[in-house]
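Report on the structure given below.
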Amino acid sequence: MRKLFFFLPLLAFGCTTGGNQSSISYKPQPSPLGGSLSQKRSVEGITSLPVDPNSLDPCTRHLLFADQYISVSDYGSAEEEIKKAEKTCSPEDPRVYHLRGIIELAEEKKEKAFNDFLKATQLYIKRGNEGKAFECYSQLLSLKPEAPEVKSLKHYFEDQDY
């Protein structure tokens, strides 16, 4: 009789959940790049680009490819693309410094990464791109929070409401 009382709740639970399982279904979510997530390729490879690379200027095209290589941790190929980009980009293009800083940080070249993130932050501020400037500033804070260069940029990112 004790065994029956032990199994009775299990049987009741099993009966109440069995009918509802058929109503649960998976619906693939649309991807921002088109298609559904179930149709996406593996993260291991380079993903398809949202634009036609041939329609871009050479600087942007090389930086886009460098960003794609960084996303799959192929830093050697990313560095090659950045070197190609430097030949066609303006020396005042913060994207070059930003991507180079990411690569150097991944390769544990912290001093070089700091200098590139600093230059990128200054150039993004100059261009008025607050979002990207803050992204680079955050990297500076993680590398050398007490550096005078970092402290001199702090006022750009302080909220005036406080």
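The values are calculated or read from the model by the stated rules, or taken from the named source; none is laboratory data. Note that the structure is a prediction, hence the values are computed from the model and not measured. Here the Cβ is made from the backbone with ideal geometry for all residues, glycine too, and neighbour counts use every protein chain on show. Ligands, DNA and RNA are stripped out before the accessible areas are found, and what is left, the full protein with its side chains, is counted by its heavy atoms. Shrake-Rupley method; radii C 1.70, N 1.55, O 1.52, S 1.80 Å.
In the list 47, 60, which residue meets the criterion of being among the β-branched types (Val, Ile, Thr), modelled with pLDDT under 95 and open to solvent by 40 Å² or more (accessible area, probe 1.4 Å)? Give the steps one after another, and end with the answer.
Details: 60 fails: open to solvent by 40 Å² or more (accessible area, probe 1.4 Å).
Result of the check over 47, 60: 47.
Quick one: how many residues across region 121-142 are farther than 19 Å from residue 95 by Cβ and either among the charged types (D, E, K, R) or touching a helix residue (DSSP H, G or I) at 6+ places or on another chain (Cβ under 8 Å) (or both)?
Total satisfying the criteria: 1.
Just give me the residues in region 50-79 being in a helix (DSSP H, G or I) and under 16 Å from the mean Cα position of the chain (by Cα), in sequence order.
63, 64, 65, 66, 67, 68, 69, 70, 71, 75, 78
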